[in-house]
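If you scroll down you'll find the structure; I have some questions about it.
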Amino acid sequence: MPVVFGTAPIEDQDPADRKVNEPVLCYSYSEFVTAFGDSDDWESYTLCEFARSQFGLYGVAPVVFVNVYDPEVHTSGDPAVPDPAQVTSADIIGGVDETTGKLTGLELISEVFTRFRIVPGLICAPGWSEDPAVAIGMAAKATGINGLFKAMAIVDVPDSTVPNYTDVPGWKNDNNLTDPNMIVCWPKVKLGDEVFHMSTQVAGLIGDVDEQAGDVPYRSPSNNRLYANSAVAAGKEVWLGLEQANYLNGQGLITALNFVGGWKAWGNRTGCYPSITDPKDAFIPIRRFFSWHANTFILTYFQKVDWPITRRLIQTIIDSENIRLNGFRAMEIILGGRIVFSEDENPTTDLMDGIIRFHTYLTPPSPARQIVNTLEYDPAYLQNLFS
């Protein structure tokens with residue numbers, strides 16, 4: 001489930017009804033419009049872009065939206081009229097009000113599970129994640145939601161600043177977009193007259209692919225269809241060849257490619273690649289599966305917290321998890337997996353202090369990012385002329 005931060009056209013609503021720095025769960029476009037209004041001015045109202053893509057194109061739900069635009073605060077002119085252009089990256093990053101203790105911006109990610117009992121899977125901020133400070137903040141929040149859960153941040157390289165694909169890897173590295181919990185996108189994509197940040201459509205595509213896979217995130221979004229008929233950077237069409245797209249992939253970027261089967265997302269690597277090559281960190285589907293599996297373990301066994309530490313408790317968890325892992329293996333979601341309770345990892349002092357540690361070994365399949373076929377001329381078959 002994506003949690004999306006941005007701005008929405010709430011000026012015309014009754015001030016008492018305005019949703020400002022408040023997570024709102026939406027299952028449909030109509031619910032979004034009821035909560036936030038609607039606008040074609042996506043540059044000013046970034047949440048409308050995401051709602052259009054998620055509900056109108058990809059048809060996946062739910063989504064949690066967080067609007068940081070406050071018409072009473074973000075104003076300009078004399079006399080003051082509301083102005084969403086006054087919203088800054090600092091509003092998206094947010095913080096904690098010293099007086100009231102109220103959370104704002106990205107800090108509100110911690111309220112999503114307590115409000116809706118749904119664990120965030122993706123963190124998005126189209127239009128705002130082009131600011132490295134916002135992108136890094138998103139990735140930081142993705143690593144420890146509520147001190148327990150993990151998600152992934154989908155961010156964009158600003159195409160207006162970096163319109164040439166050869167400059168994108170350098171900008172990514174210079175601005176430290178190198179986190180394993182980060183998916184880095186370039187450029188934008190266009191459908192008719194509508195221009196979407198790549199991160200917006202990748203979020204929808206991930207939801208679509210997950211749904212096809214039984215809501216288990218083990219497949220890559222790469223080589224799956226985008227709702228686009230062109231790619232654009234700095235307002236101009238971009239036509240990448242396979243070699244150019246693979247160059248970006250090799251630098252830890254996901255892009256758009258019009259090759260076999262129309263416009264598709266192209267790239268399997270997280271932002272940490274190529275400096276980190278560990279499959280559980282460098283491949284998007286493997287990183288997501290590890291995080292999802294860890295989140296599911298927490299949700300499943302949180303009810304066991306504070307039970308007496310007995311052999312029955314330990315064996316219950318081991319048996320349940322091994323059954324689940326064996327099921328994943330049978331469905332080829334993983335190639336194999338097991339969970340153990342090792343004496344070496346559970347010293348007496350920890351057991352006395354009420355801490356028990358399990359260790360899960362698992363191997364999700366890597367995406368087949370290259371399929372190689374070698375052709376060889378075999379003169380032995382010339383003998384068939386004489387058969």
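Using Cα centres only, tell me the gap between region 232-258 and region 35-53 in whole Å.
26
Across the Cα atoms of region 52-187, what radius of gyration and what greatest pairwise Cα-Cα distance (Dmax) are found, in Å?
Both quantities, over Cα of region 52-187: 16.4, 48 Å.
Let me ask you something else. Just the Cα atoms of region 232-319: what Rg and Dmax do they give in Å?
Radius of gyration, then largest Cα-Cα span, for region 232-319: 20.8, 65 Å.
I'd like the FRET efficiency for Met331 and Gln370, computed as 1/(1 + (r/R0)^6) with the beta carbon distance as r and R0 of 30 Å, rounded to 0.05. Could you put the intermediate results ahead of the total?
Values: r = 25 Å, r/R0 = 0.82.
Rounded to the nearest 0.05, the efficiency is 0.75.
When only DSSP loop residues count, what trypsin sites (Lys or Arg not before Pro) in region 326-373 have their Cβ near at most 16 other Cβ atoms within 10 Å?
Arg357, Arg369
Sticking with this one: Based on alpha-carbon positions alone, could you give the equivalent ellipsoid semi-axes of region 150-238 from the gyration tensor, as √(5λ), descending, whole Å?
Output for region 150-238: semi-axes of 23, 18, 9 Å.
Which whole number of Å³ per residue matches the convex hull of the alpha-carbon atoms in region 78-156?
On the way: hull volume 9.8 nm³, N = 79.
With only Cα atoms used, region 78-156 gives 124 Å³ per residue.
Trypsin sites (Lys or Arg not before Pro) within region 95-170: which are DSSP loop residues with at most 16 other Cβ atoms inside 10 Å? Don't jump to the answer; show the numbers that get you there.
Values: sites: Lys102, Arg115, Arg117, Lys141, Lys150; in loops: Lys102, Arg117, Lys150.
Answer by residue number: Lys102, Arg117.
In nm, to one decimal, how far is the modelled label at Asp38 from the one at Ala380, with both set 7 Å along Cα→Cβ?
6.7
Continuing with the same structure: Kindly provide the helix-only [θ] at 222 nm of the chain, computed as the sum of -39,500 (n - 2.57) over DSSP H runs of four or more divided by all residues, to the nearest 500 deg cm²/dmol?
About -8500 deg cm²/dmol.
Here is a follow-up. Determine the percent antiparallel among the DSSP beta bridges restricted to the chain, to the nearest 5.
About 65 percent, rounded to the nearest 5.
Next up: Given a 10 angstrom Cα cut-off, can you work out which residue in Val238, Val168, Val372 is the most mobile in a GNM of the chain?
Val372
Give me the net charge for the shell around Arg357: Cβ to Cβ below 11 angstrom, other residues only, Lys and Arg +1, Asp and Glu -1.
-4
When Lys and Arg each count +1 and Asp and Glu each count -1, what net charge do the other residues less than 15 Å away from Asp281, Cβ to Cβ, add up to?
Every neighbour counted, the sum reads +3.
Moving on. Please quote Rg/Rh for the chain to two decimal places, taking the Kirkwood radius as Rh and restricting both calculations to Cα atoms. Walk me through the numbers before you get to the answer.
Numbers: Rg = 23.5 Å, Rh = 22.7 Å.
With Rh from the inverse mean 1/r over Cα pairs, Rg/Rh is 1.04.
Related question: Expected output is a single nm value to one decimal: the length gained when fully extending between Leu242 and Asn322, i.e. 0.36 nm times separation in residues minus the C-alpha distance. What is it?
24.7 nm
Can you list the residues, at least 5 places off or on another chain, whose amide H is less than 5 Å from the amide H of Phe259, using H built in the peptide plane?
For Phe259, whose amide H was placed from the backbone, the distant partners under 5 Å are Lys264.
Which of the chymotrypsin sites (Phe, Trp or Tyr not before Pro) found in region 1-105 are loop residues per DSSP with 11 or fewer other Cβ atoms within 10 Å of their Cβ?
For chymotrypsin sites (Phe, Trp or Tyr not before Pro) across region 1-105 that sit outside H, G, I, E and B with at most 11 neighbouring Cβ atoms in 10 Å, the list reads Tyr27.
For region 1-40, report the convex hull volume of the alpha-carbon atoms normalised per residue, in Å³, without decimals.
Taking only Cα atoms, region 1-40 has a hull volume of 84 Å³ per residue.
What translational diffusion coefficient, in µm²/s and rounded to a whole number, does the Stokes-Einstein relation yield for region 289-342 at 10 °C and a viscosity of 1.306 mPa s, taking the hydrodynamic radius as the Kirkwood radius over Cα pairs?
Translational diffusion coefficient: 132 µm²/s.
Specify whether the C-alpha gyration tensor of region 20-97 places it in the rounded, prolate or oblate class, a ≥ b ≥ c being the square roots of the eigenvalues: rounded for a/c under 1.5, otherwise prolate if a/b is larger than b/c and oblate if not.
Judged from the Cα gyration tensor, region 20-97 comes out prolate (a/c at least 1.5, a/b above b/c).
Most mobile of Thr270, Thr300, Thr100 per a Gaussian network model of the chain (Cα springs, under 10 Å)?
Per the Cα network of the chain with a 10 Å cutoff, Thr100 tops the list.
Continuing with the same structure: Kindly provide the pair-distance distribution of region 306-387 built from C-alpha pairs, with 10 Å bins from 0 and whole-percent values in order of increasing distance.
14, 27, 18, 13, 10, 8, 6, 3, 0
We did not get these values from a lab; they are worked out from the coordinates using the rules stated. Computed from a predicted structure; not experimentally measured. Here Cβ is always computed from backbone atoms with ideal geometry, including for glycine, and neighbour counts include all displayed protein chains.
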